[in-house]
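The values are calculated or read from the model by the stated rules, or taken from the named source; none is laboratory data. Since this is a predicted model, take the numbers as computed values, not measurements. Every residue, glycine among them, receives a Cβ derived from its backbone with ideal geometry; neighbour counts consider all protein chains shown. The accessibility values were calculated without ligands, DNA or RNA, using every heavy atom of the protein model including side chains. Shrake-Rupley method; radii C 1.70, N 1.55, O 1.52, S 1.80 Å.
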Amino acid sequence: GGLRHGLLALAVLLLTCVLMAGAVSATEVHVSDYNELVTNLSTDVGTIILDSNIIALEEISVNRSVTIDGQYHTISATSGWSQVDGEKNLLVIENKTGTNDAPTVTLKNIFFEGCGSATADAKGSHGIQVYNTGASLMPMENITINGSQGNGITVNGANVSLVNVTVKDSDWQSVDVAQGVDVTSAATLTIDAKTNLQDKVQINVDDPVGTAYAVNLPDGTSYKPYSFSYISDGNGEKKLVWSTNVDAAAEKIAESKEVTFNATVQNPGDPLAYHANFLEAMDAAEDGATVTQLEELTLTEPITIKKAITFDGSKKKISGSSSERYFLMVAVPLAGNDKKSVTLQNLNLSISSIGTYANLGGITVRADADNNASVPVILKDSIVDMSGVTEVSGMNPAVYF
């Protein structure tokens with residue numbers, strides 16, 4: 001009786017193990033090529049494991065909850081990749097059934113290769129886009145994304161966390177945080193201290209004023225936010241960029257947008273702002289700001305300082321002509337600003353006449369429209385050259401303080 005009872009217990013145990021093994025195999029599958037990967041993304045398998053490198057034939061779409069574990073294999077784009085929206089990414093995580101059914105997708109231990117540095121006839125892919133998935137967390141862990149012909153990662157109305165992720169050699173930026181057309185969800189990016197974003201523009205938000213977004217960085221990070229304002233294709237645009245090297249970021253943006261940043265504005269409590277339009281930079285300055293000239297300028301209208309600021313010309317020349325009776329005017333009323341002043345330093349003004357008119361004042365301090373006195377002006381370490389201005393009506397050119 002004891003032997004039969006023992007054999008029965010063993011049989012039950014073996015059957016249980018077989019059933020459990022079947023249950024495990026139903027939630028996990030190994031794949032070795034692109035077709036197997038795409039096929040299993042259409043099933044309800046919980047984890048897909050890559051057993052070899054995969055060459056993608058077209059954009060890989062993931063629109064259900066799943067974990068893809070690459071076991072440090074590579075998913076790479078083929079040459080001549082499509083650049084059409086909806087086909088241009090190497091992999092896209094998207095919510096096609098509405099925000100209430102947004103998937104949760106985990107990518108880990110994968111190298112993504114976008115065939116960067118492509119020729120006009122053999123384009124590579126953009127990187128990974130997470131699109132319209134709302135608050136559902138999309139973790140990426142131990143991922144490398146190389147050579148994307150657009151963004152390395154696009155966080156478009158999604159919630160993405162990066163843990164030990166490397167993004168490099170992207171044509172655009174490492175991570176773009178956005179709210180695209182017809183996307184109402186906020187875009188949220190969280191990165192850890194081991195994540196290494198190597199592109200010149202590392203984290204980017206276009207139109208930050210009109211975009212619902214959050215960028216969460218680890219304590220002690222060296223990424224700092226900077227603002228960039230410019231005109232592109234006839235429209236005013238603005239970027240908010242987190243970078244560890246602002247000079248490299250400014251150079252990349254200026255090159256890609258075909259602009260020159262000629263001034264920075266540091267308003268109290270705001271990120272340092274780069275401006276491609278010098279007069280707009282002056283208008284954007286608030287009380288207590290520092291405006292710094294970055295490039296030599298040729299102006300056809302006067303500069304007006306309306307706030308109690310410091311203007312540092314960096315000894316970069318400002319030249320030009322104006323039919324106005326001044327070249328640089330300070331018009332900051334004393335009323336309410338009695339403890340403030342305007343500091344002008346390191347200026348290099350070269351003033352010339354225009355026709356029969358001339359600048360009668362290189363720098364003019366003027367009362368406001370209500371005839372209130374203006375704040376004091378401190379001028380130091382500056383050059384004001386008016387040798388090209390002719391005498392007009394018996395009045396010699398002068399500098400007013």
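Things to note:
- Inside the range 41-64, residues that are assigned to a loop (DSSP other than H, G, I, E, B), among the aliphatic types (A, V, I, L, M) and farther than 26 Å from Gly80 by Cα make up a count of 1.
- The residues of the range 30-49 that are closer than 19 Å to Glu94 by Cα, of a type in the set (Val, Ile, Thr) and in contact with a helix residue (DSSP H, G or I) (Cβ under 8 Å, 6 or more places away or on another chain), listed by number, are Val45, Thr47, Ile48.
- Among the residues making up the range 273-325, those that are over 29 Å from Asp338 (Cβ atoms), touching a residue at least 40 places away in the same chain (Cβ under 8 Å) and either small (Gly, Ala, Ser) or surrounded by 17 or more Cβ atoms within 10 Å (Cβ to Cβ) (or both) are Tyr274, His275, Ala276, Asn277.
- Complete set of residues in the range 230-250 that are surrounded by fewer than 20 Cβ atoms within 10 Å (Cβ to Cβ) and either closer than 27 Å to Val160 by Cβ or free of Cβ contacts under 8 Å to residues at least 40 places away in the same chain (or both): Ser232, Asp233, Gly234, Asn235, Gly236, Glu237, Lys238, Thr244, Asn245, Val246, Asp247, Ala248
- Pick from the range 113-139, criterion open to solvent by 40 Å² or more (accessible area, probe 1.4 Å) and either in contact with a Cys (Cβ under 7 Å, 6 or more places away or on another chain) or not in a loop (DSSP other than H, G, I, E, B) (or both), ranking: modelled with the lowest pLDDT: Thr119
- Scanning the range 53-72 for residues that are of a type outside the set (Val, Ile, Thr) and surrounded by fewer than 14 Cβ atoms within 10 Å (Cβ to Cβ) gives Leu57, Gln71, Tyr72.
- If you go through the range 251-268 and keep only what is of a type in the set (D, E, K, R) and open to solvent by 70 Å² or more (accessible area, probe 1.4 Å), you end up with Glu251, Glu255, Glu258.
- Any hit, the range 98-112, residues being open to solvent by 30 Å² or more (accessible area, probe 1.4 Å), closer than 19 Å to Ser161 by Cα, in a loop (DSSP other than H, G, I, E, B) and in contact with a strand residue (DSSP E or B) (Cβ under 7 Å, 6 or more places away or on another chain): yes
- Subset of the range 201-229 [part of a loop (DSSP other than H, G, I, E, B) and crowded, with 20+ Cβ neighbours inside 10 Å]: Val201, Gln202
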